[in-house]
Each structure stands twice: as C-alpha cells, then as structure tokens.
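Asks: Can you keep this structure in mind? I'll have questions shortly.
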Amino acid sequence: MSDPVLRLVNIKKRFGAHKVLRGIDFSIHEHEVVVMIGASGSGKSTLIRVIHLLERIDDGQIVLAGEDISDPRVNEDGARAKIGIVFQNFNLFPHKSVLENVSIANRIVHKLPKEEAERIGMELLTRIGIAEKANRYPDQLSGGQQQRVAIVRAIASNPQLLLLDEITSALDPQLVGEVLDLVQELKAAGSTILMATHEMDFARRVADRVVFLHEGRIAEEGPPERIFEDPRHPATKEFLSRLRIK
Amino acid sequence: MNIRDFGGNGDDVSQIELKRRGFRRRQTGKSLLISCVSLLVFAAAIYVIFSHSEGWARVQAAYFSPERFVEAIPKVGKGLLLNIKILCVSVVCVGITATLLAVARTTRSAVLFPLRLLATVYTNVFRGIPMIICLYLVGFGIPALGIFGRIPAEVLGCVAVSLIYSAYVAEVIRAGIEAVHPSQRMAARALGFSHARTMRIIILPQAVRKIIPALMNDFVAMQKDVGLVSVLGGVDAVRSAQILNAVNFNYTPYVVAGVFFILMSFPFILLIDRYAKRLQNREQLQGAV
C-alpha cells in the first residue's frame, strides 16, 4: 500500500493528572473509512481534536501525508487547512448565510475568487439538496440540515482527511439517517474518513475498519464483522454486550 | 504551557518530544528577547525626542521636580483618603440603585409600565449628562434649596457620582440579565419560583458572573471620576494638589495625584485581567487555538 494519509505514532495526551491518551499507534490509508468506537471518556474526541492540532500532544508524532505536523516548525494553520473536521454541535457561523458558511474557507484561506468559491459552495449545497436555502441563515435550518451543511463546509476545500466527531449525537433520531447517508456518499466518492460515533449499525455497515478505544489505548481493531461478531478484548466484549441489551 | 512529563511507571518521554520541547523553549526565549529589545529601543527613542526638545528643562522643573514631588506626597495622600471614602460609599449606592434600575427595566408586566418608563428615562438622562454638570447641579443646587441645612461636600460628591454611575452600571446589569438564556427563567418558573425569586436566586447570579469584567471596568472609571468632587470644594487629592500648586506655582503635585490614582486602580486592573483569563480558560476547554 502507498504512504498512509495519516500515521499516528505513540500519541500521548493528558489533562492535568488525567491521562486521556496513553500511546496511540494507528494509520489510515487513502479512501479508507475508519470508525472509532468506545465508551464516553475513552479518548475518541480527544484523539480527533489532537489530530486536528486543536490540542497539543504531550508525546508522539502526527504524520499527515508524510509530513510530521506535530513538529513545532510546521505552520499549524496550513496543516489544519488540509484536514476537515465536523463537530457534534455543528458550529456553523450564525452570522453568515448557508452559502457563505460553505464558501468562506475557500475564499479567505484558499484565496479562491468569490465566484469560484460560491460556485463550489452551490454545487455542494445542490448535492445535499438544500440549494434553495443557500441564502438562509443556519438557525433557519433543521438540525440534520445544519449538520449536513457543516459536513460540506468541511469538504469544500478538498481536505486530505475528514474527521467526524460524533456528528449525530446532537440530532433527533429521525434526522440521524440523512446525515449518515451523506457520510456514506462521501465514502462512495472516495473520501478518507476517521469518525468517532455511537451508531454501531452504521459503523458495521460503512466502516472499512473499526477501532475500539479503551482508557486511552487502542484495545482492538479490525474489520467490522470481526469486531462485532467476535470481539476478543474483554473491554470490547463488555462494551458490545451492553449495547445489545438496549 | 501544557508541557509536563508523563513521569513514573515507565512512561518515559520520547526523544522527539524532548527535541520539540527544546525547540519551543528556544522559540519562547527568542520572542522574549526580541520584545525586550524592541521595548528598550522604543523607550530610548522617546527619551531622546523629549530630552532634546527645546522646553524640556522648563517642563521638567514645572512638572517633575523631585523636591516638590516628595513634599506633595503627604498632603495629596491625605486628600486621597477622602477620594477612597467617597468611592467606597458610592460603590455601595451604585450597586443597589443600579440593580434596582436594571430589574425595573427588564420587567414585562403592563402594570409596572410607569416604573419601567421612569427607569428608562433616568438611565438615559444620567448617561447623557456630563459628570461635571451633574456635580455642579447637585453640589450647588441641592444646598441652595435650603431643606437639609449645610451638607458636606463629600456627601454631595457621593450623590452626584452615584447618580451618574447608577445609570451606567444599570445598563451593564441589564445586558447581563438579558444574556442569561430564557430557558433558565422557564426552568425556575417551572419549579414554582415567583418572578422576583427567579430574578434574585437564578437570573441575577448568572448575570453578574457574565458582566464582572464590564463592572470592574466601570469601577476603575469611577475610581478616577471621584477626583472630580474637588470642584465642590472637598479637600481631596486633586484639591490638595491644586492648593500646593497655588502656593509654589509648580505642577508637580498634580503629577503626584495622578500617580496616586494610577496606583489605586492597579490592584483592580490586575484582578480584572486574572478573572478574565480564568473565565477564558474555563470556556475554551483549554484548546491550543
């Protein structure tokens, strides 16, 4: 296989006395969709924030397409611009229209002319079926629509890697589907995605690989069928069996 | 800096991380050096420009005379005590009046419309009126009525300062009240709290937390505005300086008073900065951006 899009080497992160990540080694290759599962507090969100350089690691290396972006000499903003991220709470800019939200990074960061940025933005909005709401403001959209706008905002500038941090957790159950469908479309289009989620059915259906995080370490990883049918680590077994009861 | 060793139980730090820390340390050192040098250059430039100006010797003698400076300290310092007294009383008055005004302005019921109107008119009038005019009106107008007999200048000063600052602070508190999410009010009412209790126990404490930096800012402004009570004849720091100035025809005592006012505001400014930083840390999940 070619160089991985992202390679994590021995990532450690602590908040005060609490060790959140205790040495994570892990790679993700082009066009691969990796789903992280694990209990709350197992370090999924922290790992995603760390990869996006939103938190500084205490040890280890983050290598994006061959470049060590944890090196203090690299331009952090430049590295971040190559990675897309979507948060649990959408975080759309409330004072910008939907179209501005999806075109602003291309205009300001990637210096595309306004028309070009808006053309790309409209294309993306058309793809998610809300082109007619381009000039509305985020609070006039439903939660599912807002989250889909947040996703296309993240991919508008063609990032090498897309990070999704529990993107359906703040949504009503009937809105979860439309957001996950979009993720599946992105997978079909060849995006490289690292995703933290509690949607096990989705993980099983869409993931190329499932990673189970337990107390800041990767307890187990493998193809979804293997992890869900035949978990080997006791923590994975317990986590999955609890989900089955519900 | 969140650079800490993992330490203990065999969790050693890798060479890469150690190198990164070294690099960041050197980087910090370099920035520190650059800022120190630029500060020194800037200070030197200012000194050279001023000290080579034609009138520098005269300015120095009139404003920065060491003997006059030392001489003025006890008298101006004694005057400052009066400023502090006025400040303390005014702060309490402003706190109470401003809160009442803010609450009055945020009432919604139709019955309380006159109260709301009164509060609105008050805040708008007293925010618009210059401090010095208010001082003259209160300081010379109220005694002229002849109802209360002779009123000391410091009491009149307190009244004037409180009138003006209540209006300002009331607006800040009102902004705070309105910044508390409506769901908080609903949650309290749902538990059976009355409107007044909701305000006092649920809304105001959250509002005050949001506006503490703004309130501190008003407090510092108030600290120096109490110096204006000198126009009413109270012998405060500014007035003492004025008297000394009249005796020696030297302006250094004013500089002394200025220094005293700056020193007085210093602890509070530090406090505001620290509080603002703490608030920021808590709300930003201590991220790196």
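Rule-based calculations on the coordinates, nothing more; no lab input. On a predicted model such as this, the values are computed, not experimentally measured, just so you know. So basically every Cβ, Gly included, is an ideal-geometry build from the backbone, and we count neighbours across all protein chains shown.
Asks: I want to verify a result. In a Gaussian network model of chain B, Cα cutoff 10 Å, which of these has the top mean-square fluctuation: B:Lys78, B:Lys224, B:Lys277?
Replies: Taking springs between Cα atoms under 10 Å, the residue moving most is B:Lys277.
Asks: Right, something else. Taking R0 as 60 Å, what's the FRET efficiency between B:Val208 and B:Val41 from their Cβ-Cβ distance, rounded to 0.05?
Replies: Working from the Cβ atoms, E equals 0.85.
Asks: Which residue fluctuates most in the GNM of chain B (Cα springs below 10 Å): B:Ile212, B:Ile46, B:Ile201?
Replies: Highest fluctuation among the options: B:Ile46.
Asks: Over the protein assembly as shown, what is the percentage of antiparallel beta bridges among all DSSP beta bridges, to the nearest 5?
Replies: On the way: 20 of 36 bridges.
For the protein assembly as shown, the DSSP antiparallel bridge percentage is about 55.
Asks: Within the set of other residues whose C-beta is less than 13 Å from the C-beta of B:Phe193, count the net charge using Lys and Arg as +1 and Asp and Glu as -1. Please report the intermediate quantities before stating the final value.
Replies: On the way: positive: B:Arg185, B:Arg189, B:Arg197, B:Arg200; negative: none.
For residues surrounding B:Phe193, the net value is +4.
Asks: Rounded to whole Hz and in sequence order, give me ³J(HN,Hα) for the stretch A:75-82 from the Karplus expression 6.51 cos²θ - 1.76 cosθ + 1.60, θ = phi - 60°, writing x for Gly and Pro.
Replies: Result, rounded to whole Hz: 6, 5, 4, x, 5, 4, 5, 8.
Asks: Going toward the positive end of the dipole of chain A, with +1 on Lys and Arg Cβ and -1 on Asp and Glu Cβ, which of A:Val152, A:Ala134, A:Ile48 do you reach last?
Replies: Result: A:Ile48, furthest along the dipole toward the positive end.
Asks: Can you tell which of A:Arg73, A:Arg22, A:Arg56 shows the greatest fluctuation in a Gaussian network model of chain A with Cα springs below 10 Å?
Replies: Highest fluctuation of the listed residues: A:Arg73.
Asks: Turning to a different aspect of this structure: At q = 0.13, 0.14, 0.18, 0.21 Å⁻¹, what log₁₀ I(q)/I(0) does a Debye calculation on the Cα points of the stretch A:55-204 give, no solvent, two decimals?
Replies: -0.61, -0.71, -1.11, -1.38
Asks: Please identify the DSSP H helices in chain B that span no less than 30 Å along the helix axis (Cα) and have a mean Kyte-Doolittle hydropathy of 0.0 or more. Before the final figure, lay out the partial values.
Replies: On the way: long enough: B:15-51 (54 Å, 0.52); B:66-106 (55 Å, 1.14); B:153-179 (39 Å, 1.31); B:252-283 (46 Å, 0.59).
Within chain B the helices that satisfy the rule are B:15-51, B:66-106, B:153-179, B:252-283.
Asks: Could you give the longest part of chain B that holds none of the chymotrypsin sites (Phe, Trp or Tyr not before Pro) found in DSSP loops with at most 10 neighbouring Cβ atoms within 10 Å? Working shown, then result.
Replies: Working: sites that count: B:Phe148, B:Phe249.
Formally, the longest exposed-site-free interval is B:1-147.
Asks: Could you give the nm distance between label points at A:Ser27 and B:Phe64, where each point is 7 Å from its Cα heading toward the beta carbon?
Replies: That separation, rounded to one decimal, is 6.7 nm.
Asks: Please work out the C-alpha center-to-center distance from the stretch A:174-210 to the stretch B:115-148 and express it in whole Å.
Replies: Between the Cα centre of the stretch A:174-210 and that of the stretch B:115-148, the gap is 66 Å.
Asks: Using label points projected 7 Å from each Cα along Cα→Cβ, tell me how many nm separate B:Lys19 and B:Ala110, to one decimal.
Replies: Inter-label distance under the simple model: 7.7 nm.
Asks: Can you tell me what share of the DSSP beta bridges in the stretch A:104-246 is antiparallel? A percent to the nearest 5 is fine. Before the final figure, lay out each step's value.
Replies: On the way: 5 of 9 bridges.
Of those bridges, close to 55 percent are antiparallel.
Asks: Quick one: Cα convex hull volume of the protein assembly as shown, Å³ per residue? Write out the running numbers ahead of the final one.
Replies: On the way: hull volume 134.8 nm³, N = 535.
It comes to 252 Å³ per residue, whole-number rounded.
Asks: In the structure displayed, which of A:Lys13/B:Lys277; A:Lys111/B:Lys30; A:Lys19/B:Lys210; A:Lys96/A:Lys187; A:Lys12/B:Lys30 lie more than 30 Å apart, Cα to Cα? Numbers along the way, then the final one.
Replies: Working: A:Lys13/B:Lys277 23 Å; A:Lys111/B:Lys30 32 Å; A:Lys19/B:Lys210 32 Å; A:Lys96/A:Lys187 28 Å; A:Lys12/B:Lys30 28 Å.
Distance filter (> 30 Å) returns A:Lys111/B:Lys30; A:Lys19/B:Lys210.
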